[in-house]
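Trainee: Quick one: the structure is below, and I'll ask about it shortly.
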Amino acid sequence: MSKTGRLNSRNIKDIFRYRKAGVEEFFKFFSVLVPLVEIDGELFLLYEVRAKNMTRQPGEICFPGGQMEDGESPVECALRETHEEIGILPEDVEVIAQLDTIYTYSNFAMHCFLGIVKEEAFENMALNPAEVDEVFLISVDRLIEEDPEVYTVKVRPHVPEGFPYDKVTGGQRYKWRSGKAPVPIYDVDGRVIWGLTARITKRFVDDIKDGAGCLR
């Protein structure tokens, strides 16, 4: 700072010169792999069933993934989590595209990466029993044929009692913005896929439908 204790432009430059952009402390980032396996010329999506003893979402269907750690990129996170959960090494996955990022009303974002898993690596998976009960495959062609049910969940802000409207709006009530989130549900051969996993699945399938005209 200057001798007077006031900030000047040089101080500001020094403070922010090496600062890396981050996110607000209540916002988190996760990353998942959307794994494809090709068997006898047919493509399948690989899903996990979360272990029933987990504290969060036990027994639900998901893709391998988790929260990003300090210093790792989104794709590194997806591959690390895949290895930790089902034993597939990063070098046995060919990442072919980054899919759409999914943003949630619960203050986190999900990076999604499409990757092809080597068939031999799939056949020799080693599941982590603390996280995964089982895995299963669903044909991509089958998912293209199956339109999910889609519900819309509305999210409305809950304003704490005593909010100082007198300071910010002159005492007038404020029209807070509400949000909404799509909740697709697939029911394929008794496997119910819903929530974020279904949102990722649907966007992946929609991309295929939209791009089918490019195929010859």
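Bear in mind these aren't lab numbers, they're just calculated from the coordinates by the rules spelled out. Keep in mind it's a predicted model, so treat the numbers as computed, not measured. Counting neighbours? That spans all protein chains shown, and the Cβs are built from the backbone with ideal geometry, glycine included.
Trainee: Got at least one residue in the range 49-56 being under 16 Å from the mean Cα position of the chain (by Cα) and among the polar types (S, T, N, Q)?
Mentor: Within the range 49-56, none of the residues are under 16 Å from the mean Cα position of the chain (by Cα) and among the polar types (S, T, N, Q).
Trainee: Restricting attention to the range 90-105, and to residues there that are assigned to a strand (DSSP E or B) and in contact with a Gly (Cβ under 9 Å, 6 or more places away or on another chain), which single residue is nearest to K180 (Cα to Cα)? Spell out how you get there, then give the answer.
Mentor: Residues of the range 90-105 that are assigned to a strand (DSSP E or B), as a first pass: 93-103.
Still in the list and also in contact with a Gly (Cβ under 9 Å, 6 or more places away or on another chain): 93-97.
Working: V93: 34, E94: 34, V95: 31, I96: 31, A97: 27 Å.
This residue is A97.
Trainee: Can you list the helices (runs of 4 or more DSSP H) lying wholly within the range 138-216 that have 2 or more residues being out of contact with any Lys or Arg (no Cβ under 9 Å at 6 or more places or on another chain) and among the acidic types (D, E)? Write out each step before concluding.
Mentor: Numbers: elements: 140-145, 165-168, 195-211.
By residue number, 140-145, 195-211.
Trainee: Right, next: For the range 115-126, name all the residues that are touching a strand residue (DSSP E or B) at 6+ places or on another chain (Cβ under 9 Å) and either crowded, with 19+ Cβ neighbours inside 10 Å or in a loop (DSSP other than H, G, I, E, B) (or both). Full working, then the answer.
Mentor: Within the range 115-126, the subset touching a strand residue (DSSP E or B) at 6+ places or on another chain (Cβ under 9 Å) is 115-119, 121-122, 125.
Within the range 115-126, G115, V117, K118, F122, M125 qualify.
Trainee: Restricting to the range 135-162, give me the number of residues that are farther than 22 Å from G59 by Cα and either touching a residue at least 40 places away in the same chain (Cβ under 8 Å) or surrounded by 12 or more Cβ atoms within 10 Å (Cβ to Cβ) (or both). Can you show your working first?
Mentor: So the first thing to find is which residues in the range 135-162 are farther than 22 Å from G59 by Cα, and the list is 140-142, 144-147, 152-162.
Within this subset, residues satisfying the condition of being either touching a residue at least 40 places away in the same chain (Cβ under 8 Å) or surrounded by 12 or more Cβ atoms within 10 Å (Cβ to Cβ) (or both) are 140-142, 144, 146, 155.
Result for the range 135-162: 6.
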